[in-house]
1. Quick check on this structure: which one of A:A323, A:A291, A:A234 is under 29 Å from B:I187 (Cα atoms), without any contact (Cβ under 8 Å) to a residue 40 or more places away in the chain and not charged (D, E, K, R)?
2. If I go through the stretch A:221-250 residue by residue, how many of them are on the phi > 0 side of the Ramachandran plot and away from every other protein chain (no Cβ under 14 Å)?
3. In the stretch A:79-133, how many residues are within 29 Å of A:A15 (Cα to Cα), at the interface with another protein chain (Cβ under 10 Å from one of its Cβ atoms) and of a type in the set (D, E, K, R)?
4. Mind listing just one residue for me: the one in the stretch A:41-81 that is assigned to a loop (DSSP other than H, G, I, E, B) and of a type in the set (A, V, I, L, M) and, of those, surrounded by the fewest Cβ atoms within 10 Å (Cβ to Cβ)?
5. So which residues in the stretch B:137-169 are crowded, with 23+ Cβ neighbours inside 10 Å, in a loop (DSSP other than H, G, I, E, B) and within 12 Å of chain A (Cβ to nearest Cβ)?
6. If we keep just the residues of the stretch B:105-124 that are in contact with a His (Cβ under 9 Å, 6 or more places away or on another chain) and within 19 Å of A:S99 (Cβ to Cβ), which is nearest to the other protein chains (Cβ to nearest Cβ)?
7. Just give me the residues in the stretch B:177-194 being facing chain A (nearest Cβ under 9 Å) and at pLDDT 95 or above, in sequence order.
8. Restricting to the stretch A:122-136, and then to whatever is in contact with a helix residue (DSSP H, G or I) (Cβ under 9 Å, 6 or more places away or on another chain) and crowded, with 24+ Cβ neighbours inside 10 Å, can you tell me which residue is farthest from A:T43 (Cα to Cα)?
Amino acid sequence: MKAFDYQRASSPTHAAAASAKPGARIIAGGTNLLDLMKLQVETPEHLVDINRLPLDKIEETPDGGLRVGAMVRNSDLAADPRVRQHYGVLSRALLAGASAQLRNKATTGGNLLQRTRCYYFYDVTKPCNKREPGSGCSALAGFNRIHAILGASDHCIATHPSDMAVAMRALDATVETVDANGATRDIPIATFHRLPGDTPQIETTLRAGEMITAVTLPPPPPGVQIYRKVRDRASYAFALVSVAAIVDAAGGHIRSARLAFGGLAHKPWRVPAAEQSLADSPANATTFDAASTAVLDRARGYGSNDFKIPLTRRTIHAVLTQATRA
Amino acid sequence: MDENEDTSFQVTRRAMLETATAAAVLTGLPPLARAAGLPDAHTPPAPVRVDLQINGHAQVLTLDPRTTLLDALREHLALTGSKKGCDHGQCGACTVLLDGRRINACLTLAVMHDGQAITTVEGLAGGGSLSPLQAAFVEHDGFQCGYCTSGQLCSATGMLNESRTGMPSYVTEDLTQAHPELTDVEIRERMSGNICRCAAYPNIVAAIRQAAGTPA
(Lines give C-alpha, C1' and ligand atoms only; values in the text may rest on other atoms or scores of the structure.)
Protein backbone atom coordinates (compact mmCIF):
# COMPACT_ATOMS: atom_id res chain seq x y z
CA MET A 1 0.00 0.00 0.00
CA LYS A 2 1.15 3.53 -0.77
CA ALA A 3 1.46 5.84 2.20
CA PHE A 4 -1.55 7.94 3.13
CA ASP A 5 -2.60 10.04 6.02
CA TYR A 6 -5.63 8.97 7.97
CA GLN A 7 -8.27 11.12 9.52
CA ARG A 8 -11.58 10.46 11.14
CA ALA A 9 -14.39 12.68 9.91
CA SER A 10 -16.38 14.49 12.59
CA SER A 11 -19.46 15.22 10.47
CA PRO A 12 -20.79 14.44 6.99
CA THR A 13 -19.99 17.98 5.87
CA HIS A 14 -16.43 17.68 7.11
CA ALA A 15 -16.07 14.37 5.35
CA ALA A 16 -17.35 15.87 2.13
CA ALA A 17 -14.92 18.77 2.46
CA ALA A 18 -11.99 16.47 3.14
CA SER A 19 -12.91 14.24 0.22
CA ALA A 20 -12.73 17.22 -2.14
CA LYS A 21 -8.95 17.35 -1.70
CA PRO A 22 -7.00 15.93 -4.63
CA GLY A 23 -5.92 12.39 -3.78
CA ALA A 24 -8.51 11.98 -1.03
CA ARG A 25 -10.79 8.99 -0.65
CA ILE A 26 -13.56 8.34 1.81
CA ILE A 27 -13.32 4.97 3.52
CA ALA A 28 -16.46 3.29 4.85
CA GLY A 29 -16.45 -0.52 5.05
CA GLY A 30 -13.23 -0.53 3.07
CA THR A 31 -13.75 -4.01 1.65
CA ASN A 32 -13.29 -2.84 -1.93
CA LEU A 33 -11.07 0.20 -1.42
CA LEU A 34 -8.43 -1.53 0.71
CA ASP A 35 -8.33 -4.45 -1.70
CA LEU A 36 -7.61 -2.00 -4.52
CA MET A 37 -5.08 -0.09 -2.40
CA LYS A 38 -3.11 -3.27 -1.75
CA LEU A 39 -2.85 -3.73 -5.51
CA GLN A 40 -2.10 -0.02 -5.99
CA VAL A 41 -5.06 0.34 -8.30
CA GLU A 42 -6.15 2.97 -5.80
CA THR A 43 -3.41 5.12 -4.26
CA PRO A 44 -5.10 7.73 -2.09
CA GLU A 45 -2.93 10.22 -0.25
CA HIS A 46 -5.64 11.06 2.25
CA LEU A 47 -8.05 8.58 3.74
CA VAL A 48 -11.16 10.01 5.38
CA ASP A 49 -12.79 7.49 7.73
CA ILE A 50 -16.56 7.97 8.07
CA ASN A 51 -17.23 4.89 10.21
CA ARG A 52 -18.06 6.99 13.29
CA LEU A 53 -20.61 9.19 11.54
CA PRO A 54 -24.22 8.67 12.63
CA LEU A 55 -25.44 7.53 9.22
CA ASP A 56 -26.40 4.02 10.27
CA LYS A 57 -30.16 4.30 10.73
CA ILE A 58 -33.02 2.86 8.70
CA GLU A 59 -36.02 5.16 9.09
CA GLU A 60 -39.54 5.15 7.73
CA THR A 61 -40.37 8.13 5.53
CA PRO A 62 -43.67 10.03 5.80
CA ASP A 63 -44.86 8.65 2.45
CA GLY A 64 -44.40 5.04 3.51
CA GLY A 65 -40.93 4.38 2.15
CA LEU A 66 -37.61 3.78 3.89
CA ARG A 67 -34.57 5.97 4.25
CA VAL A 68 -31.39 3.94 4.58
CA GLY A 69 -28.33 5.67 6.02
CA ALA A 70 -25.16 5.46 3.95
CA MET A 71 -23.36 3.60 6.75
CA VAL A 72 -25.99 0.89 7.23
CA ARG A 73 -24.09 -2.36 6.74
CA ASN A 74 -25.27 -4.65 3.97
CA SER A 75 -26.09 -7.42 6.46
CA ASP A 76 -28.18 -5.09 8.64
CA LEU A 77 -30.11 -3.80 5.65
CA ALA A 78 -30.77 -7.34 4.41
CA ALA A 79 -31.97 -8.44 7.86
CA ASP A 80 -34.19 -5.45 8.62
CA PRO A 81 -37.75 -6.78 9.13
CA ARG A 82 -39.26 -3.95 7.06
CA VAL A 83 -36.91 -4.67 4.17
CA ARG A 84 -37.59 -8.41 4.38
CA GLN A 85 -41.33 -7.78 4.45
CA HIS A 86 -41.75 -5.05 1.85
CA TYR A 87 -38.55 -4.95 -0.20
CA GLY A 88 -37.72 -8.63 -0.56
CA VAL A 89 -35.87 -8.02 -3.82
CA LEU A 90 -33.41 -5.79 -1.97
CA SER A 91 -32.92 -8.17 0.92
CA ARG A 92 -32.38 -11.05 -1.49
CA ALA A 93 -29.98 -9.06 -3.68
CA LEU A 94 -27.88 -8.05 -0.66
CA LEU A 95 -27.75 -11.64 0.55
CA ALA A 96 -26.66 -12.74 -2.92
CA GLY A 97 -23.62 -10.49 -2.74
CA ALA A 98 -20.17 -11.33 -1.39
CA SER A 99 -19.84 -13.32 1.86
CA ALA A 100 -21.32 -12.82 5.32
CA GLN A 101 -18.02 -11.39 6.57
CA LEU A 102 -17.95 -8.81 3.79
CA ARG A 103 -21.63 -7.94 4.20
CA ASN A 104 -21.00 -7.22 7.88
CA LYS A 105 -18.52 -4.54 6.81
CA ALA A 106 -19.77 -3.28 3.46
CA THR A 107 -22.03 -0.25 3.58
CA THR A 108 -24.98 1.03 1.58
CA GLY A 109 -23.07 4.01 0.23
CA GLY A 110 -19.90 2.03 -0.42
CA ASN A 111 -21.75 -0.71 -2.25
CA LEU A 112 -23.03 1.85 -4.76
CA LEU A 113 -19.47 3.10 -5.28
CA GLN A 114 -17.67 -0.21 -5.63
CA ARG A 115 -15.43 -0.51 -8.65
CA THR A 116 -15.66 -3.00 -11.47
CA ARG A 117 -14.22 -6.50 -11.18
CA CYS A 118 -12.73 -6.38 -14.68
CA TYR A 119 -9.49 -8.39 -14.53
CA TYR A 120 -7.57 -5.73 -16.42
CA PHE A 121 -8.71 -2.95 -14.10
CA TYR A 122 -7.16 -4.98 -11.28
CA ASP A 123 -3.95 -5.78 -13.16
CA VAL A 124 -1.78 -2.66 -13.03
CA THR A 125 0.58 -4.09 -15.66
CA LYS A 126 -2.16 -3.96 -18.32
CA PRO A 127 -3.70 -1.01 -20.17
CA CYS A 128 -7.07 0.08 -18.77
CA ASN A 129 -8.88 3.29 -19.63
CA LYS A 130 -10.73 3.23 -16.34
CA ARG A 131 -7.57 2.98 -14.24
CA GLU A 132 -5.34 4.98 -16.56
CA PRO A 133 -7.39 7.08 -19.01
CA GLY A 134 -6.06 6.88 -22.57
CA SER A 135 -4.05 3.70 -22.05
CA GLY A 136 -6.54 1.48 -23.91
CA CYS A 137 -8.95 -1.31 -23.05
CA SER A 138 -7.39 -4.75 -22.66
CA ALA A 139 -10.76 -6.46 -22.30
CA LEU A 140 -12.05 -5.57 -25.78
CA ALA A 141 -9.92 -8.25 -27.41
CA GLY A 142 -8.96 -10.07 -24.22
CA PHE A 143 -10.69 -12.29 -21.72
CA ASN A 144 -14.10 -10.72 -21.43
CA ARG A 145 -16.32 -13.46 -20.03
CA ILE A 146 -17.62 -11.22 -17.23
CA HIS A 147 -17.97 -8.08 -19.34
CA ALA A 148 -20.79 -5.93 -20.64
CA ILE A 149 -23.11 -6.69 -23.55
CA LEU A 150 -25.14 -3.49 -23.21
CA GLY A 151 -24.20 0.18 -23.07
CA ALA A 152 -20.46 -0.42 -23.46
CA SER A 153 -18.07 1.64 -25.55
CA ASP A 154 -14.82 1.08 -27.40
CA HIS A 155 -13.11 2.61 -24.37
CA CYS A 156 -14.48 0.27 -21.72
CA ILE A 157 -16.66 -2.84 -21.52
CA ALA A 158 -16.55 -3.23 -17.74
CA THR A 159 -19.66 -4.05 -15.69
CA HIS A 160 -20.84 -2.70 -12.37
CA PRO A 161 -20.54 -5.54 -9.87
CA SER A 162 -23.24 -4.62 -7.34
CA ASP A 163 -26.30 -6.75 -6.62
CA MET A 164 -27.76 -4.23 -4.18
CA ALA A 165 -27.77 -1.44 -6.75
CA VAL A 166 -29.70 -3.61 -9.22
CA ALA A 167 -32.50 -4.11 -6.72
CA MET A 168 -32.45 -0.40 -5.85
CA ARG A 169 -32.73 0.39 -9.56
CA ALA A 170 -35.84 -1.76 -9.80
CA LEU A 171 -37.23 0.00 -6.73
CA ASP A 172 -36.52 3.49 -8.17
CA ALA A 173 -34.41 4.49 -5.16
CA THR A 174 -32.98 7.96 -4.67
CA VAL A 175 -29.40 8.66 -3.56
CA GLU A 176 -29.07 11.54 -1.09
CA THR A 177 -25.82 13.48 -0.87
CA VAL A 178 -24.24 16.34 1.00
CA ASP A 179 -21.40 18.61 -0.05
CA ALA A 180 -18.77 20.59 1.83
CA ASN A 181 -21.16 23.52 2.25
CA GLY A 182 -23.87 21.34 3.70
CA ALA A 183 -25.98 21.52 0.52
CA THR A 184 -27.94 18.35 -0.12
CA ARG A 185 -29.01 16.76 -3.40
CA ASP A 186 -31.31 13.90 -4.40
CA ILE A 187 -30.04 11.84 -7.32
CA PRO A 188 -32.38 9.26 -8.87
CA ILE A 189 -30.51 5.97 -9.00
CA ALA A 190 -31.24 5.83 -12.74
CA THR A 191 -28.85 8.71 -13.26
CA PHE A 192 -26.42 8.00 -10.41
CA HIS A 193 -24.18 5.59 -12.35
CA ARG A 194 -22.77 6.57 -15.74
CA LEU A 195 -22.12 4.68 -18.93
CA PRO A 196 -18.44 4.47 -19.85
CA GLY A 197 -18.46 6.50 -23.08
CA ASP A 198 -15.00 7.94 -23.56
CA THR A 199 -14.55 8.71 -19.84
CA PRO A 200 -14.88 5.31 -18.14
CA GLN A 201 -12.90 6.59 -15.16
CA ILE A 202 -15.93 8.72 -14.19
CA GLU A 203 -18.41 6.20 -12.87
CA THR A 204 -21.07 8.26 -11.13
CA THR A 205 -22.65 11.69 -11.27
CA LEU A 206 -21.29 12.54 -7.81
CA ARG A 207 -19.36 15.80 -7.86
CA ALA A 208 -15.98 16.30 -6.24
CA GLY A 209 -16.54 16.79 -2.54
CA GLU A 210 -20.03 15.32 -2.58
CA MET A 211 -20.75 12.40 -0.26
CA ILE A 212 -23.62 9.90 -0.12
CA THR A 213 -25.57 10.22 3.13
CA ALA A 214 -28.56 7.95 2.46
CA VAL A 215 -30.58 5.99 -0.04
CA THR A 216 -34.34 6.46 0.00
CA LEU A 217 -36.74 3.77 -1.15
CA PRO A 218 -40.22 4.84 -2.34
CA PRO A 219 -43.21 2.99 -0.86
CA PRO A 220 -43.10 -0.68 -1.91
CA PRO A 221 -44.64 -1.22 -5.35
CA PRO A 222 -47.35 -3.87 -5.79
CA GLY A 223 -46.42 -7.33 -7.00
CA VAL A 224 -44.05 -10.21 -6.51
CA GLN A 225 -40.39 -9.33 -5.92
CA ILE A 226 -37.66 -11.65 -7.18
CA TYR A 227 -33.88 -11.42 -7.36
CA ARG A 228 -32.31 -14.08 -9.52
CA LYS A 229 -28.54 -14.27 -9.84
CA VAL A 230 -26.76 -16.50 -12.34
CA ARG A 231 -23.08 -17.06 -11.57
CA ASP A 232 -20.21 -19.50 -11.95
CA ARG A 233 -20.74 -21.05 -8.51
CA ALA A 234 -23.71 -21.28 -6.19
CA SER A 235 -22.47 -18.75 -3.67
CA TYR A 236 -19.87 -16.02 -3.18
CA ALA A 237 -19.38 -15.05 -6.83
CA PHE A 238 -20.21 -12.03 -8.93
CA ALA A 239 -23.18 -12.16 -11.30
CA LEU A 240 -22.86 -13.16 -14.92
CA VAL A 241 -26.47 -12.05 -15.23
CA SER A 242 -28.80 -10.99 -12.48
CA VAL A 243 -32.41 -9.83 -12.62
CA ALA A 244 -34.34 -7.82 -10.06
CA ALA A 245 -37.99 -8.23 -10.95
CA ILE A 246 -41.12 -6.66 -9.52
CA VAL A 247 -44.12 -8.15 -11.27
CA ASP A 248 -47.76 -7.42 -10.51
CA ALA A 249 -49.74 -10.26 -12.04
CA ALA A 250 -52.80 -12.36 -11.34
CA GLY A 251 -54.68 -15.09 -13.15
CA GLY A 252 -52.17 -15.31 -15.98
CA HIS A 253 -52.32 -11.57 -16.65
CA ILE A 254 -49.47 -9.13 -16.07
CA ARG A 255 -50.61 -5.72 -14.89
CA SER A 256 -47.14 -4.19 -14.62
CA ALA A 257 -43.54 -5.33 -14.45
CA ARG A 258 -40.16 -3.87 -13.68
CA LEU A 259 -36.93 -5.61 -14.65
CA ALA A 260 -33.48 -4.37 -13.66
CA PHE A 261 -30.32 -6.22 -14.70
CA GLY A 262 -26.88 -6.71 -13.23
CA GLY A 263 -23.80 -8.12 -14.92
CA LEU A 264 -24.77 -6.73 -18.31
CA ALA A 265 -23.62 -3.12 -18.29
CA HIS A 266 -21.56 -0.40 -16.65
CA LYS A 267 -24.59 0.38 -14.50
CA PRO A 268 -27.74 -1.36 -13.32
CA TRP A 269 -29.79 -1.69 -16.50
CA ARG A 270 -33.46 -1.10 -17.21
CA VAL A 271 -35.28 -0.98 -20.53
CA PRO A 272 -38.58 0.94 -20.47
CA ALA A 273 -39.69 -0.61 -23.79
CA ALA A 274 -39.38 -4.10 -22.31
CA GLU A 275 -41.47 -3.16 -19.29
CA GLN A 276 -44.07 -1.49 -21.51
CA SER A 277 -44.32 -4.64 -23.60
CA LEU A 278 -45.06 -6.65 -20.45
CA ALA A 279 -47.67 -4.28 -19.06
CA ASP A 280 -51.27 -5.41 -19.42
CA SER A 281 -50.23 -8.57 -21.27
CA PRO A 282 -50.90 -12.30 -20.94
CA ALA A 283 -48.22 -14.14 -18.97
CA ASN A 284 -46.97 -16.46 -21.70
CA ALA A 285 -43.83 -17.29 -23.67
CA THR A 286 -44.71 -14.90 -26.49
CA THR A 287 -44.91 -12.00 -24.05
CA PHE A 288 -41.67 -13.02 -22.33
CA ASP A 289 -39.97 -13.32 -25.73
CA ALA A 290 -41.03 -9.84 -26.73
CA ALA A 291 -39.69 -8.43 -23.47
CA SER A 292 -36.40 -10.30 -23.87
CA THR A 293 -36.00 -9.02 -27.40
CA ALA A 294 -36.59 -5.47 -26.20
CA VAL A 295 -33.97 -5.86 -23.47
CA LEU A 296 -31.41 -7.37 -25.83
CA ASP A 297 -32.21 -5.21 -28.83
CA ARG A 298 -28.80 -3.57 -28.89
CA ALA A 299 -26.81 -6.27 -27.12
CA ARG A 300 -23.35 -7.04 -28.41
CA GLY A 301 -20.96 -9.76 -27.34
CA TYR A 302 -17.18 -9.42 -27.38
CA GLY A 303 -16.24 -13.07 -27.76
CA SER A 304 -15.98 -14.73 -24.38
CA ASN A 305 -19.17 -13.07 -23.18
CA ASP A 306 -21.35 -13.88 -26.20
CA PHE A 307 -23.11 -16.46 -24.03
CA LYS A 308 -24.61 -13.69 -21.93
CA ILE A 309 -27.09 -12.85 -24.68
CA PRO A 310 -28.93 -16.20 -24.67
CA LEU A 311 -28.34 -16.51 -20.92
CA THR A 312 -30.12 -13.22 -20.32
CA ARG A 313 -33.02 -14.30 -22.52
CA ARG A 314 -33.40 -17.56 -20.60
CA THR A 315 -33.06 -15.85 -17.24
CA ILE A 316 -35.81 -13.38 -18.16
CA HIS A 317 -38.05 -16.30 -19.11
CA ALA A 318 -37.30 -18.11 -15.86
CA VAL A 319 -37.92 -15.05 -13.70
CA LEU A 320 -41.16 -14.08 -15.43
CA THR A 321 -42.40 -17.66 -15.31
CA GLN A 322 -41.71 -17.76 -11.57
CA ALA A 323 -43.28 -14.34 -11.02
CA THR A 324 -46.50 -15.12 -12.86
CA ARG A 325 -47.00 -18.64 -11.58
CA ALA A 326 -50.60 -18.59 -10.37
CA MET B 1 -18.51 9.07 20.36
CA ASP B 2 -18.29 7.63 23.85
CA GLU B 3 -15.87 8.75 26.52
CA ASN B 4 -13.30 6.06 25.82
CA GLU B 5 -13.03 7.12 22.23
CA ASP B 6 -12.71 10.73 23.28
CA THR B 7 -9.81 9.85 25.55
CA SER B 8 -7.88 7.87 23.01
CA PHE B 9 -8.63 10.51 20.45
CA GLN B 10 -6.93 13.18 22.55
CA VAL B 11 -3.93 11.03 23.30
CA THR B 12 -3.52 10.28 19.63
CA ARG B 13 -3.93 13.88 18.72
CA ARG B 14 -1.27 14.98 21.19
CA ALA B 15 1.13 12.29 20.04
CA MET B 16 0.60 13.36 16.48
CA LEU B 17 1.12 17.04 17.16
CA GLU B 18 4.44 16.27 18.82
CA THR B 19 5.80 14.66 15.69
CA ALA B 20 4.01 16.68 13.03
CA THR B 21 5.74 19.30 10.99
CA ALA B 22 4.17 22.56 9.94
CA ALA B 23 2.95 21.09 6.65
CA ALA B 24 0.16 19.06 8.17
CA VAL B 25 -2.90 21.23 8.27
CA LEU B 26 -6.42 20.37 7.21
CA THR B 27 -8.93 23.02 8.04
CA GLY B 28 -12.08 21.86 9.71
CA LEU B 29 -11.02 18.31 10.47
CA PRO B 30 -9.52 16.79 13.56
CA PRO B 31 -5.88 16.06 12.79
CA LEU B 32 -6.22 12.56 14.20
CA ALA B 33 -3.44 11.02 12.25
CA ARG B 34 -1.80 13.56 10.07
CA ALA B 35 1.48 12.30 8.74
CA ALA B 36 4.53 14.49 9.07
CA GLY B 37 4.47 16.22 5.73
CA LEU B 38 3.12 14.78 2.52
CA PRO B 39 3.36 11.04 2.26
CA ASP B 40 5.51 9.54 -0.45
CA ALA B 41 6.85 6.11 -1.28
CA HIS B 42 10.04 6.57 0.72
CA THR B 43 8.79 8.28 3.83
CA PRO B 44 6.67 6.07 6.04
CA PRO B 45 3.69 7.90 7.46
CA ALA B 46 3.83 8.91 11.11
CA PRO B 47 2.65 6.14 13.42
CA VAL B 48 -0.73 6.35 15.10
CA ARG B 49 -1.85 5.09 18.48
CA VAL B 50 -4.57 2.44 18.37
CA ASP B 51 -6.37 1.08 21.43
CA LEU B 52 -8.00 -2.30 20.92
CA GLN B 53 -9.77 -4.75 23.18
CA ILE B 54 -8.36 -8.09 22.04
CA ASN B 55 -9.97 -11.17 23.55
CA GLY B 56 -10.98 -9.11 26.56
CA HIS B 57 -7.60 -7.49 27.13
CA ALA B 58 -6.79 -3.85 26.46
CA GLN B 59 -3.95 -3.46 23.97
CA VAL B 60 -2.28 -0.22 23.04
CA LEU B 61 -0.44 -0.26 19.74
CA THR B 62 1.56 2.26 17.78
CA LEU B 63 1.05 1.50 14.13
CA ASP B 64 1.71 2.69 10.62
CA PRO B 65 -1.85 3.65 9.57
CA ARG B 66 -1.56 1.20 6.67
CA THR B 67 -1.48 -1.74 9.07
CA THR B 68 -4.41 -4.04 8.52
CA LEU B 69 -6.18 -5.47 11.53
CA LEU B 70 -4.80 -8.87 10.51
CA ASP B 71 -1.21 -7.64 10.47
CA ALA B 72 -1.72 -5.88 13.78
CA LEU B 73 -2.86 -9.16 15.32
CA ARG B 74 -0.18 -11.34 13.76
CA GLU B 75 2.86 -9.08 13.55
CA HIS B 76 2.37 -6.74 16.50
CA LEU B 77 0.52 -8.90 19.03
CA ALA B 78 1.90 -12.33 18.04
CA LEU B 79 -1.67 -13.65 17.78
CA THR B 80 -0.95 -15.88 14.81
CA GLY B 81 -4.14 -17.92 15.05
CA SER B 82 -5.79 -15.64 12.50
CA LYS B 83 -4.28 -16.69 9.20
CA LYS B 84 -3.31 -14.78 6.10
CA GLY B 85 -4.52 -16.78 3.13
CA CYS B 86 -5.33 -14.56 0.19
CA ASP B 87 -5.08 -11.16 1.94
CA HIS B 88 -7.92 -9.97 -0.32
CA GLY B 89 -11.08 -11.03 1.50
CA GLN B 90 -11.65 -14.08 -0.66
CA CYS B 91 -10.67 -17.03 1.53
CA GLY B 92 -11.92 -16.22 5.04
CA ALA B 93 -8.81 -17.56 6.86
CA CYS B 94 -8.43 -14.20 8.61
CA THR B 95 -11.98 -14.09 9.98
CA VAL B 96 -12.28 -12.50 13.44
CA LEU B 97 -15.20 -11.12 15.42
CA LEU B 98 -15.54 -7.35 15.64
CA ASP B 99 -17.90 -6.45 18.48
CA GLY B 100 -19.25 -9.98 18.04
CA ARG B 101 -19.70 -9.82 14.26
CA ARG B 102 -17.53 -11.74 11.83
CA ILE B 103 -15.36 -9.76 9.43
CA ASN B 104 -12.26 -10.30 7.29
CA ALA B 105 -9.36 -8.88 9.30
CA CYS B 106 -7.29 -8.49 6.11
CA LEU B 107 -9.68 -5.97 4.56
CA THR B 108 -9.77 -3.42 7.33
CA LEU B 109 -7.26 -1.10 8.96
CA ALA B 110 -6.47 -1.50 12.64
CA VAL B 111 -6.76 2.26 13.13
CA MET B 112 -10.38 2.14 11.98
CA HIS B 113 -11.21 0.01 15.03
CA ASP B 114 -9.76 2.16 17.78
CA GLY B 115 -11.77 1.44 20.94
CA GLN B 116 -13.49 -1.66 19.56
CA ALA B 117 -13.49 -5.26 20.75
CA ILE B 118 -11.91 -8.02 18.66
CA THR B 119 -12.21 -11.74 19.32
CA THR B 120 -9.74 -14.03 17.58
CA VAL B 121 -9.59 -17.81 17.61
CA GLU B 122 -7.33 -17.49 20.67
CA GLY B 123 -10.28 -15.98 22.54
CA LEU B 124 -12.95 -18.53 21.71
CA ALA B 125 -12.13 -21.01 24.46
CA GLY B 126 -12.96 -19.92 27.99
CA GLY B 127 -11.78 -21.13 31.39
CA GLY B 128 -9.52 -23.77 29.90
CA SER B 129 -12.24 -25.53 27.96
CA LEU B 130 -13.02 -25.41 24.27
CA SER B 131 -16.16 -23.68 23.06
CA PRO B 132 -18.92 -26.10 22.02
CA LEU B 133 -18.10 -25.28 18.41
CA GLN B 134 -14.39 -25.99 18.85
CA ALA B 135 -15.21 -29.26 20.59
CA ALA B 136 -17.53 -30.18 17.73
CA PHE B 137 -14.78 -29.51 15.17
CA VAL B 138 -12.51 -31.90 17.09
CA GLU B 139 -15.23 -34.51 17.42
CA HIS B 140 -16.20 -34.39 13.74
CA ASP B 141 -12.67 -33.96 12.41
CA GLY B 142 -13.67 -30.67 10.81
CA PHE B 143 -10.26 -30.01 9.29
CA GLN B 144 -7.32 -31.56 7.57
CA CYS B 145 -4.28 -29.28 7.29
CA GLY B 146 -5.88 -26.81 9.70
CA TYR B 147 -4.86 -23.60 7.96
CA CYS B 148 -8.44 -22.42 7.43
CA THR B 149 -9.69 -23.73 10.77
CA SER B 150 -9.30 -20.63 12.91
CA GLY B 151 -11.18 -18.64 10.29
CA GLN B 152 -13.83 -21.35 10.05
CA LEU B 153 -14.23 -21.32 13.85
CA CYS B 154 -14.55 -17.55 14.14
CA SER B 155 -16.84 -17.41 11.13
CA ALA B 156 -19.08 -20.20 12.42
CA THR B 157 -19.20 -18.56 15.85
CA GLY B 158 -20.40 -15.34 14.21
CA MET B 159 -22.75 -17.26 11.94
CA LEU B 160 -24.43 -19.02 14.86
CA ASN B 161 -24.93 -15.64 16.54
CA GLU B 162 -26.46 -14.29 13.32
CA SER B 163 -28.72 -17.30 13.07
CA ARG B 164 -29.90 -16.86 16.67
CA THR B 165 -30.89 -13.28 15.92
CA GLY B 166 -32.89 -14.43 12.88
CA MET B 167 -30.58 -13.28 10.07
CA PRO B 168 -31.83 -14.74 6.75
CA SER B 169 -29.56 -15.99 3.97
CA TYR B 170 -29.75 -16.12 0.20
CA VAL B 171 -31.19 -19.66 0.37
CA THR B 172 -33.83 -18.84 2.98
CA GLU B 173 -37.09 -19.54 1.15
CA ASP B 174 -39.31 -17.25 3.20
CA LEU B 175 -37.53 -14.02 4.08
CA THR B 176 -40.32 -12.99 6.44
CA GLN B 177 -39.70 -16.02 8.65
CA ALA B 178 -38.40 -14.66 11.96
CA HIS B 179 -35.98 -17.54 12.62
CA PRO B 180 -35.03 -19.55 9.54
CA GLU B 181 -34.09 -23.13 10.38
CA LEU B 182 -30.36 -23.82 10.15
CA THR B 183 -30.42 -26.68 7.63
CA ASP B 184 -27.26 -28.02 5.98
CA VAL B 185 -28.07 -25.95 2.88
CA GLU B 186 -28.30 -22.87 5.10
CA ILE B 187 -25.02 -23.71 6.87
CA ARG B 188 -23.22 -24.13 3.55
CA GLU B 189 -24.52 -20.85 2.15
CA ARG B 190 -23.78 -18.95 5.35
CA MET B 191 -20.24 -20.35 5.48
CA SER B 192 -19.42 -19.68 1.80
CA GLY B 193 -16.95 -16.98 2.78
CA ASN B 194 -14.60 -19.60 4.23
CA ILE B 195 -12.70 -21.72 1.77
CA CYS B 196 -11.16 -25.07 2.79
CA ARG B 197 -8.53 -26.17 0.31
CA CYS B 198 -8.55 -29.69 1.81
CA ALA B 199 -12.33 -29.77 1.23
CA ALA B 200 -13.20 -30.84 4.76
CA TYR B 201 -16.61 -29.30 4.16
CA PRO B 202 -18.81 -32.30 5.08
CA ASN B 203 -17.19 -32.53 8.50
CA ILE B 204 -17.20 -28.77 9.00
CA VAL B 205 -20.94 -28.72 8.29
CA ALA B 206 -21.46 -31.65 10.66
CA ALA B 207 -19.55 -29.88 13.42
CA ILE B 208 -21.50 -26.66 12.96
CA ARG B 209 -24.79 -28.55 12.83
CA GLN B 210 -23.96 -30.13 16.18
CA ALA B 211 -22.89 -26.83 17.74
CA ALA B 212 -26.05 -25.15 16.44
CA GLY B 213 -28.02 -27.55 18.60
CA THR B 214 -25.92 -26.67 21.62
CA PRO B 215 -27.30 -23.87 23.78
CA ALA B 216 -25.19 -20.73 23.53
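The values are calculated or read from the model by the stated rules, or taken from the named source; none is laboratory data. Fair warning: this is a prediction, and the values are worked out from it, not measured in the lab. Reconstructed Cβ throughout: ideal geometry from the backbone, glycine too, with neighbour counts over all protein chains shown.
1. Details: A:A323 fails: without any contact (Cβ under 8 Å) to a residue 40 or more places away in the chain; A:A291 fails: under 29 Å from B:I187 (Cα atoms).
One residue alone meets the criteria, A:A234.
2. At the first step, the residues of the stretch A:221-250 found to be on the phi > 0 side of the Ramachandran plot are A:223, A:236.
Next, only the ones that are away from every other protein chain (no Cβ under 14 Å) stay: A:223.
Looking only at that region, the number is 1.
3. Going through the stretch A:79-133 one residue at a time, the tally reaches 2.
4. Taking the stretch A:41-81 and keeping what is assigned to a loop (DSSP other than H, G, I, E, B), we get A:41-45, A:50-57, A:61-65, A:70-72, A:80.
Pick out the ones that are also of a type in the set (A, V, I, L, M) and you get A:41, A:50, A:53, A:55, A:70-72.
Working: A:V41: 18, A:I50: 27, A:L53: 20, A:L55: 23, A:A70: 27, A:M71: 24, A:V72: 23.
Checked the stretch A:41-81; the qualifying residue surrounded by the fewest Cβ atoms within 10 Å (Cβ to Cβ) is A:V41.
5. B:P168, B:S169 - these are the residues of the stretch B:137-169 that are crowded, with 23+ Cβ neighbours inside 10 Å, in a loop (DSSP other than H, G, I, E, B) and within 12 Å of chain A (Cβ to nearest Cβ).
6. That would be B:L107.
7. B:R188, B:E189, B:R190, B:M191, B:S192, B:G193, B:N194
8. Step one: of the stretch A:122-136, the residues in contact with a helix residue (DSSP H, G or I) (Cβ under 9 Å, 6 or more places away or on another chain) are A:122, A:126-128, A:130-131.
Adding the requirement that they be crowded, with 24+ Cβ neighbours inside 10 Å leaves A:128, A:130.
Values: A:C128: 16, A:K130: 14 Å.
This residue is A:C128.
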